[in-house]
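**Q** Sharing a structure here in structure tokens format.
The values are calculated or read from the model by the stated rules, or taken from the named source; none is laboratory data. What you see is a predicted model; the values in this text were computed from it and never measured. Backbone-built Cβ (ideal geometry, glycine too); neighbour counts: all protein chains shown.
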Amino acid sequence: MTPAARAEETLDNIAREIAECRRCPLHETRKHTVPGEGKPRASLVFVGEAPGASEDAQGRPFVGRAGQLLTDIISKGMKLRREDVYICNVLKCRPPDNRTPNPEEVLQCEPYLLRQLALIQPKVICALGLVAAQTLLKTTEPIYKLRGQWHNYHGIAFRVTYHPAYLLRNPSDKAKTWEDVKEILRYLGEQS
């Protein structure tokens, strides 16, 4: 079995565990769990905050309006295919009314995310928004202090940018996200 096949099988195992999860009350209101999707040994992983209504309905990450923007960033901006990256969230279930995840929910879901990242072993992690950035970097710094620079996540290059949902509400910050995307592409080009 190839390393990619082993990773896929193990990511599938994690997805099955997530589907059975009852660690926090979010399991009571979810329609579907949203473990993540994409290439099992992707060079680039995008980590968002939590599933929204569309994601909860379909069981897939980033499929609503914010997801379309992320897909456009990946395909049109980065010239990559969505299936060649891995996309997931810190939370694997939707918080009611799309509220910000609370610390207990993050604490209960985080082990799944950490296992996913350890299996995928990407060259770059891109945190989409504050929750993903603060969770993985173990910081309380605001996003304006975290984005625009490289961080290190257990030896993996780590970049913070704005969440696509934020960009839909604040299109003037799309230029800053484009700068982050160009830096990620530059780094990936140097690593290949």
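**Q** Which condition breaks for ARG94 when tested against (1) in contact (Cβ under 8 Å) with a residue 40 or more places away in the chain; (2) closer than 21 Å to LEU11 by Cα; (3) not in a loop (DSSP other than H, G, I, E, B)?
**A** (3)
**Q** Right, ILE74: buried (at least 21 other Cβ atoms within 10 Å of the Cβ), not in a helix (DSSP H, G or I) and not small (Gly, Ala, Ser) or not?
**A** In short, no.
**Q** Further question on the same structure: The conditions are (1) out of contact with any Lys or Arg (no Cβ under 7 Å at 6 or more places or on another chain); (2) over 17 Å from VAL90 (Cα atoms); (3) buried (at least 16 other Cβ atoms within 10 Å of the Cβ), and LEU117 fails exactly one of them. Which is it?
**A** Going through the list (1) out of contact with any Lys or Arg (no Cβ under 7 Å at 6 or more places or on another chain); (2) over 17 Å from VAL90 (Cα atoms); (3) buried (at least 16 other Cβ atoms within 10 Å of the Cβ), LEU117 breaks only (2).
**Q** Name every residue in the range 60-70 that is surrounded by 17 or more Cβ atoms within 10 Å (Cβ to Cβ) and either assigned to a helix (DSSP H, G or I) or out of contact with any strand residue (DSSP E or B) (no Cβ under 9 Å at 6 or more places or on another chain) (or both), in order of residue number.
**A** The answer is VAL63, GLY64, ALA66, GLY67, LEU69, LEU70.
**Q** May I pose another question? Restricting to the range 144-192, and then to whatever is surrounded by fewer than 17 Cβ atoms within 10 Å (Cβ to Cβ) and part of a loop (DSSP other than H, G, I, E, B), can you tell me which residue is modelled with the lowest pLDDT?
**A** SER192
**Q** A further question on this structure: List the residue pairs whose Cβ atoms are under 6 Å apart, where the first residue sits in the range 108-129 and is over 13 Å from ASN152 (Cα atoms), the second is buried (at least 22 other Cβ atoms within 10 Å of the Cβ) and of a type in the set (Gly, Ala, Ser), and the two are 6 or more positions apart or on different chains.
**A** These pairs meet every condition: LEU128/GLY48.
**Q** Against the condition closer than 19 Å to PRO51 by Cα and in contact (Cβ under 8 Å) with a residue 24 or more places away in the chain, how does ARG147 come out, does it pass?
**A** Taking the combined requirement at face value, the residue does not satisfy it.
**Q** For the range 14-49, name all the residues that are more than 22 Å from ALA133 (Cα to Cα) and part of a loop (DSSP other than H, G, I, E, B).
**A** Result: CYS21, ARG22, ARG23, THR29, ARG30, LYS31, HIS32.
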